[in-house]
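Reading through the structure tokens given below for one structure.
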Amino acid sequence: MKRVYLDYAATTPLDERVLEAMLPYFRQVFGNPSSVHFYGQQAENAVEEARERIAALIGAHPQEIVFTSGGSEADNLALRGVARARREMVGARRILTARVEHAAVARTAQALEREEGFQVEWLEVDAFGIVHPETVKQALGPDVALVSVMYANNEIGSINPIAEIAALCRAQGVPFHTDAVQAAAYLPIDVQALGVDLLSLGAHKFYGPKGVGALYVRQGTPLWPVQTGGGQEAGRRAGTHNVPYIVGMARALELAVEERESRRAWVQSLRQRVIEGVLERIPQARLTGHPLYRLPNHASFVFKGVDGNLLLQLLDAAGFACSSGSACKSGQPEPSEVLLACGLEREWAGGSLRVTLGAPTTAEEVEAFLDVLPRCVEQARALQGEQVR
Amino acid sequence: MKRVVVAMSGGVDSSVAAALLREQGYDVVGMMLRLWSEPGKEDSNRCCTPDSMALARRVAARLGIPFYVIDAREIFRQTVVEYFLEGYRRGQTPNPCLLCNRQIRWDFLLRHALAIGAEAMATGHYARLRRTEDGRYELLRAVDRTKDQSYVLYVLTQEKLSRALFPIGEYTKEQVRALASRFGLPTASRPDSQDLCFLAGEDYRAFLRRNAPEMLQPGPILDTQGRKIGVHQGLAAYTIGQRKGLGIAAPYPLYVIAKDVSANALIVGRAEELGQRSLRVGQINWTCGRVPEAPFQAEVKIRYTAREVPGWVEPQGEDRAEVRFEMALRDVTPGQAAVFYQGDVLIGGGIIEG
């Protein structure tokens, strides 16, 4: 059976050119960047070149880039590192973040509240899952340790007005973090234009390798290390550098920025076709997230009276790999908190579907998907009706 | 390539079943049911612990087949758990696994299998299937008599049997383990247990106390002459043939002989008063695909773990029968199934009424 991958927001395949860039650093240039000898110097040079390239691509200084094991670690470092430092320095104990954040931010904020006495204030979102600057403004104050609002939402694709929120935080002297893990593949991530103090990246969302990411930390932003040890990354993140992956991330980001416009144009037209086709062919279907302010490769829906997990299984069995809001492998589905935060009723929120496209996606694949989806939704509704008699 | 769904459990039997079908060139898809548990006990459901799900997922990945967990919690609660409670309410000792096989595994799950284009569904049961010359499907006992599980499959109609595959029924348990090693699959079995999955390893009485306390009303214990000789803790707490736990001092051992639901009375008596030479069976499924027109001799199994005894089955209409034995059987339990075999062939079975 031919399989079609439509889950590029989950992860992407490694770009051939990225793999080429990485290969020498597994066996030829294998040294530890912290070593004194020539082997170490060569490896260190590769890491520092990667750092400079990434910094240049996002408008930062090289020393403002901290390499991590991925987006989740970058989010953890930003929240824990800044919150602890700000409490120590100015006694700030409040954390502002949105109800629709990725778990890497939301659960970290909850842990800081539960374990370290911080007070989390959950910013409300509108029906599209967007955080309004006004909402942030009302909650802001000098006693806020950190504000964290994601750039683009992984589940529903909506894009937040990051620059406006950043400006509000700057005016109050409160550090502002954005999780740009989903956004980096398609949206401009110039940290000067955005005005953010911290920004998280994960390489595997833009055809780079899994297991590597970075946190941008604006100079002067207070940050305590979370992972301590050998003093790498100027003491901000200990651990021997993952040299080939760091090199791969730099190459992948370079390609993402260079080819951003053509990649965007390609997926956006196909994505429009997905949205039109689904809403036209499926009764009781709604688009989730914002119709315009959304990632160009991202389409997400809810279908009334459908078990989203079951729909994914039916689609997979028909050869189409998609995702839903309630990522669940165990058959114990719960409606997505993101969709509930957007105000969707439970009978709708349980039936979510996320279709995310990538550079390899073709128009034929999209048409084949649109041909199969109505039958799968119908089957899911029939089987679901059996369950809840 | 024909698509087949395998109902997987993470254990050696269903894993090998999947591997065999894969080797035979089928397009195999694994499915596993998520069944209902009492709130807070979800992780102790022996049919779908998180560990067994993770294991089944690993096996599927190793075999290179997709794997899906099907949420059956609500329908399981509505059908199987309700049936279980209703059985005790009527003074019986129900066997909910039989209903689960019919309504959940071979109906709800089968419909999920058909929905993804499967032509058949396989399980890791030790049983065999044969196509007869006149086009019927016959369910046969497994080659490994000690592992035979055909008893729990008597509920399958011809239509279901036409969709069924039992790939390991031709092998002994030893051979299945050897196959598992050859395929590089885990060889552990789920411990053979008669515990019901949703009891989470507890005694069923504790479950009844929480979920149907009205069933555990104390009442009189009567001897076979109708004399009150004690007090019971609720009819549902006793089974026919039970000797221990009656709390009555008597010069000879006393056994539970019957339950009188309308009077909420437990009838006890001596060993020789226990047992019966005939029993009534209802809700019969003639698994072999033909309603017998005349009485017939059969080997009859009255519990999953009971040995077969020769009996004389007299069909009464489409789905009832009277079964006679040469000697009295002591453990006839209303609510359990009586299953009829002739040689290796499973002729049919139904629920013991009395």
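So the check is Cβ under 8 Å with 6+ separation or different chains; which pairs have a first residue in the range A:316-337 that's over 13 Å from residue B:67 (Cα atoms) and away from chain B (no Cβ under 13 Å) and a second one that's at pLDDT below 60 and buried (at least 16 other Cβ atoms within 10 Å of the Cβ)?
Note: pairs meeting the criteria are A:335/A:326; A:336/A:326.
Given B:43, B:27, which one is among the acidic types (Asp, Glu), without any contact (Cβ under 8 Å) to a residue 40 or more places away in the chain and either under 28 Å from residue A:1 (Cα atoms) or facing another protein chain (nearest Cβ under 10 Å) (or both)? Spell out how you get there, then give the answer.
Numbers: B:43 fails: either under 28 Å from residue A:1 (Cα atoms) or facing another protein chain (nearest Cβ under 10 Å) (or both).
Every option except B:27 fails the conditions.
Only residues that are of a type in the set (S, T, N, Q) and touching a Leu at 6+ places or on another chain (Cβ under 8 Å): list them for the range A:199-226, please. Step through it out loud before you land on a result.
First, pick out the residues of the range A:199-226 that are of a type in the set (S, T, N, Q): A:200, A:219, A:221.
A:200, A:221, listed by residue number.
Please indicate, with yes or no, whether at least one residue in the range B:120-127 is under 19 Å from residue A:316 (Cα atoms), more than 11 Å from every other protein chain (Cβ to nearest Cβ), assigned to a strand (DSSP E or B) and among the small types (Gly, Ala, Ser).
Let us first name the residues in the range B:120-127 that are under 19 Å from residue A:316 (Cα atoms), namely B:120-121.
In the following step, the residues that additionally are more than 11 Å from every other protein chain (Cβ to nearest Cβ) were identified as B:120-121.
Those still in the list that are assigned to a strand (DSSP E or B) too: B:120-121.
Pick out the ones that are also among the small types (Gly, Ala, Ser) and you get B:120.
Yes, there is a match, as at least one residue in the range B:120-127 is under 19 Å from residue A:316 (Cα atoms), more than 11 Å from every other protein chain (Cβ to nearest Cβ), assigned to a strand (DSSP E or B) and among the small types (Gly, Ala, Ser).
Taking the range A:369-380 as the search range and keeping residues that are in contact (Cβ under 8 Å) with a residue 60 or more places away in the chain and either within 11 Å of chain B (Cβ to nearest Cβ) or over 17 Å from residue A:313 (Cα atoms) (or both), which one is surrounded by the fewest Cβ atoms within 10 Å (Cβ to Cβ)?
Within the range A:369-380, the match that is surrounded by the fewest Cβ atoms within 10 Å (Cβ to Cβ) is A:379.
Taking residue B:195 and the conditions (1) assigned to a loop (DSSP other than H, G, I, E, B); (2) not assigned by TED's automatic domain parsing to the domain that holds residue B:34, which numbered condition does it fall short on, given that it satisfies the others?
(2)
I need the full set of residues from the range B:117-134 which are among the β-branched types (Val, Ile, Thr) and over 23 Å from residue B:11 (Cβ atoms), in order please. Let's see the steps before the verdict.
Start the filter on the range B:117-134 by keeping residues that are among the β-branched types (Val, Ile, Thr), which leaves B:123, B:132.
Answer for the range B:117-134, where residues must be among the β-branched types (Val, Ile, Thr) and over 23 Å from residue B:11 (Cβ atoms): just B:132.
Only residues that are under 21 Å from the mean Cα position of the chain (by Cα) and buried (at least 17 other Cβ atoms within 10 Å of the Cβ): list them for the range A:269-292, please. Give the derivation first.
First pass over the range A:269-292, keeping only residues under 21 Å from the mean Cα position of the chain (by Cα): A:271, A:287-292.
Hits for the range A:269-292 are A:271, A:287, A:288, A:289, A:290.
For residue A:101, indicate whether it is in a helix (DSSP H, G or I), away from every other protein chain (no Cβ under 14 Å), of a type in the set (Asp, Glu) and more than 30 Å from residue B:1 (Cβ to Cβ).
For residue A:101, the condition - in a helix (DSSP H, G or I), away from every other protein chain (no Cβ under 14 Å), of a type in the set (Asp, Glu) and more than 30 Å from residue B:1 (Cβ to Cβ) - is not met.
Could you run through the range B:155-183 and say how many residues are within 10 Å of residue B:16 (Cα to Cα) and either in a loop (DSSP other than H, G, I, E, B) or assigned by TED's automatic domain parsing to the domain that holds residue B:285 (or both)?
Of the residues in the range B:155-183, 2 are within 10 Å of residue B:16 (Cα to Cα) and either in a loop (DSSP other than H, G, I, E, B) or assigned by TED's automatic domain parsing to the domain that holds residue B:285 (or both).
Hey, any hits in the range A:188-195 for a residue that's within 23 Å of residue A:84 (Cβ to Cβ) and touching a helix residue (DSSP H, G or I) at 6+ places or on another chain (Cβ under 6 Å)?
First pass over the range A:188-195, keeping only residues within 23 Å of residue A:84 (Cβ to Cβ): A:191.
Remaining after also requiring touching a helix residue (DSSP H, G or I) at 6+ places or on another chain (Cβ under 6 Å): A:191.
Checked the range A:188-195: at least one residue is within 23 Å of residue A:84 (Cβ to Cβ) and touching a helix residue (DSSP H, G or I) at 6+ places or on another chain (Cβ under 6 Å).
Quick one: residue A:93 ticks every box in (1) touching a Phe, Trp or Tyr at 6+ places or on another chain (Cβ under 6 Å); (2) under 27 Å from residue A:182 (Cβ atoms); (3) surrounded by 17 or more Cβ atoms within 10 Å (Cβ to Cβ) except a single one, so which number is it?
That leaves (2) as the condition not met.
For residues in the range B:99-116 being facing chain A (nearest Cβ under 7 Å) and assigned to a helix (DSSP H, G or I), which is surrounded by the fewest Cβ atoms within 10 Å (Cβ to Cβ)? Even if it seems obvious, please write down each step before you answer.
Of all residues in the range B:99-116, those facing chain A (nearest Cβ under 7 Å) come to B:108, B:111-112, B:115-116.
Next cut, assigned to a helix (DSSP H, G or I) only: B:108, B:111-112, B:115.
Working: B:108: 20, B:111: 15, B:112: 24, B:115: 20.
Filtering first and then ranking leaves B:111.
Test of understanding: among A:145, A:163, which residue is assigned to a helix (DSSP H, G or I), outside the structural domain of residue A:357 (by TED's automatic domain parsing) and of a type in the set (Gly, Ala, Ser)?
Numbers: A:145 fails: assigned to a helix (DSSP H, G or I).
Exactly one of A:145, A:163 is assigned to a helix (DSSP H, G or I), outside the structural domain of residue A:357 (by TED's automatic domain parsing) and of a type in the set (Gly, Ala, Ser), namely A:163.
Yes or no, residue by residue, for (1) touching a strand residue (DSSP E or B) at 6+ places or on another chain (Cβ under 6 Å); (2) within 10 Å of chain A (Cβ to nearest Cβ):
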residue: B:33; (1), (2): yes, yes
residue: B:48; (1), (2): yes, yes
residue: B:54; (1), (2): no, yes
residue: B:64; (1), (2): no, no
residue: B:77; (1), (2): no, no
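Name the one entry in A:64, A:88, A:73, A:116 that is modelled with pLDDT of 95 or more, more than 18 Å from the chain's Cα centre (by Cα) and either farther than 13 Å from residue A:223 by Cβ or outside the structural domain of residue A:216 (by TED's automatic domain parsing) (or both).
Values: A:64 fails: either farther than 13 Å from residue A:223 by Cβ or outside the structural domain of residue A:216 (by TED's automatic domain parsing) (or both); A:88 fails: either farther than 13 Å from residue A:223 by Cβ or outside the structural domain of residue A:216 (by TED's automatic domain parsing) (or both); A:73 fails: more than 18 Å from the chain's Cα centre (by Cα).
Just one listed residue meets the conditions, A:116.
Looking at (1) out of contact with any Lys or Arg (no Cβ under 6 Å at 6 or more places or on another chain); (2) more than 14 Å from residue B:348 (Cα to Cα), which one does residue B:173 not meet, given that it meets all the others?
Evaluating residue B:173 over (1) out of contact with any Lys or Arg (no Cβ under 6 Å at 6 or more places or on another chain); (2) more than 14 Å from residue B:348 (Cα to Cα) leaves (1) as the failure.
Which numbered condition trips up residue A:88, out of (1) more than 24 Å from residue A:191 (Cβ to Cβ); (2) crowded, with 17+ Cβ neighbours inside 10 Å?
It fails just one condition, (2).
Just to be sure, is residue A:240 in the same structural domain as residue A:99 (by TED's automatic domain parsing) and hydroxyl-bearing (Ser, Thr, Tyr)?
Values: in the same structural domain as residue A:99 (by TED's automatic domain parsing): yes; hydroxyl-bearing (Ser, Thr, Tyr): yes.
In short, yes.
Here are some conditions: (1) surrounded by fewer than 16 Cβ atoms within 10 Å (Cβ to Cβ); (2) within 14 Å of chain A (Cβ to nearest Cβ). Residue B:134 meets all but one. Which one does it not meet?
Every listed condition holds for residue B:134 apart from (2).
Taking residue B:65, is it surrounded by fewer than 23 Cβ atoms within 10 Å (Cβ to Cβ) and in a loop (DSSP other than H, G, I, E, B)?
Working: surrounded by fewer than 23 Cβ atoms within 10 Å (Cβ to Cβ): yes; in a loop (DSSP other than H, G, I, E, B): yes.
Yes.
For the range A:187-207, enumerate the residues that are surrounded by 24 or more Cβ atoms within 10 Å (Cβ to Cβ), touching a residue at least 60 places away in the same chain (Cβ under 8 Å), on the phi < 0 side of the Ramachandran plot and not charged (D, E, K, R).
A:189, A:198, A:199, A:200, A:201, A:202, A:203, A:206
Residue by residue through the range A:38-60, note down the ones that are outside any helix (DSSP H, G or I) and touching a Lys or Arg at 6+ places or on another chain (Cβ under 9 Å).
Result: A:60, single match.
So which residues in the range B:239-261 are at pLDDT 90 or above and among the hydroxyl-bearing types (Ser, Thr, Tyr), if there are any at all?
Of everything in the range B:239-261, just one residue is at pLDDT 90 or above and among the hydroxyl-bearing types (Ser, Thr, Tyr), namely B:255.
Only one of these conditions is not met by residue A:35: (1) touching a residue at least 60 places away in the same chain (Cβ under 8 Å); (2) in a loop (DSSP other than H, G, I, E, B); (3) polar (S, T, N, Q). Which number is it?
Only one criterion is unmet by residue A:35, namely (1).
For residue A:113, only one of the following conditions fails: (1) of a type outside the set (Val, Ile, Thr); (2) touching a helix residue (DSSP H, G or I) at 6+ places or on another chain (Cβ under 8 Å); (3) surrounded by fewer than 24 Cβ atoms within 10 Å (Cβ to Cβ); (4) assigned to a helix (DSSP H, G or I). What is its number?
(2)
Here is a list: A:297, A:309. Which entry is surrounded by 17 or more Cβ atoms within 10 Å (Cβ to Cβ) and without any contact (Cβ under 8 Å) to a residue 40 or more places away in the chain?
Values: A:297 fails: without any contact (Cβ under 8 Å) to a residue 40 or more places away in the chain.
Only one candidate qualifies: A:309.
The values are calculated or read from the model by the stated rules, or taken from the named source; none is laboratory data. Predicted, not measured: the structure shown is a model, and the values here were computed from it. Note that each Cβ is placed from the backbone with ideal geometry, even for glycine, and that neighbours are counted across all protein chains shown.
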